[in-house]
1. From the protein chains alone at 1.4 Å, what is the descending order of accessible area for Thr58, Thr97, Thr152, Thr5, largest first?
2. If ligands, DNA and RNA are left out, what is the accessible area of Ile22 with a 1.4 Å probe, given in Å² to the nearest 10?
3. Sort Lys31, Lys86, Lys6 by heavy-atom solvent-accessible area, probe 1.4 angstrom, most to least.
4. Can you pull the accessible area of Glu110 for me, 1.4 Å probe, Å² to the nearest 10?
5. What is the pair-distance distribution P(r) of the range 41-155, computed from all Cα-Cα distances in 5 Å bins starting at 0, with each bin given as a whole percent?
6. Let me know the whole percent of all Cα-Cα pairs from the range 1-104 that are separated by more than 24 Å.
7. Could you derive backbone 3J(HN,Hα) for the range 69-80 from the dihedral phi with the Karplus parameters 6.51, -1.76 and 1.60 (θ = phi - 60°), listing whole Hz in sequence and x where the residue is Gly or Pro?
Amino acid sequence: RASPTKEFQSVLLTAGLNNVSIACICLGDFKRGLAAAAEASLARVGQSSAQVTVLSVTGGCCHVRLLLEAGQIGEARALCDELLQKSRSLGSLGLETDVLLIDGLCRVFEGEVPGGLRQVRQALETFRSLHVELREALLLAIRAHDLAGEITAADMYRRELALHNRLVQQEGMLEQHRSHLRRLQAEEGESPASLERKAEMVERLAITTEM
């Protein structure tokens, strides 16, 4: 078994390289992204901790996407099948849905358009039920529907993504206001009830501004 220090280093390196892969997908630099994904795979060799296994699945999904965009469909399918088995063994619905989502895109690339799109939509609905961050899933749904020529559906997901981004930004601003109010309470000894009223006022103001 690898030493704790080596496993920790592997986790940090893998996480960093996964982030590089994600950035390269956004930039369309698939060659560099594939290099980072391959390096991440090497960094995980001999490591078996739960963190490394989770990172292998999340990073593997990025790797599949990069292979698809680079036209390496066969390699993408082989890796996707491996990830499907691995994610099911982990017992995490979120991770399994991550893989099912990229598998749906893979199927669209392979020409199984109806089944692939259906799987993408089902995965997206699962993510909604889990109340998790939807940005990456929506981006992938847009890509799948664009690829399939389903432009109306792709545009629908684009509008949802724009709304989602605004709501996330708004929530971030509200959290900043709440943090500020909590600091005021600590400094001035204000009651929690008064603090809550102020927070509600801030939220109403934000909603009014958005409208």
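The values are calculated or read from the model by the stated rules, or taken from the named source; none is laboratory data. Because the structure is predicted, anything quoted here is derived from the model rather than measured. Please note that ligands, DNA and RNA were not included when accessible areas were found on the heavy atoms of the full protein model with its side chains. Shrake-Rupley method; radii C 1.70, N 1.55, O 1.52, S 1.80 Å.
1. I get Thr152, Thr5, Thr58, Thr97, largest accessible area first.
2. 60
3. Ranking Lys31, Lys86, Lys6 by accessible area, largest first, yields Lys31, Lys6, Lys86.
4. Rounded to the nearest 10, that gives 70 Å².
5. 2, 12, 23, 24, 20, 11, 5, 2, 1, 0
6. 18
7. 5, 8, x, 9, 5, x, 5, 5, 5, 4, 5, 4
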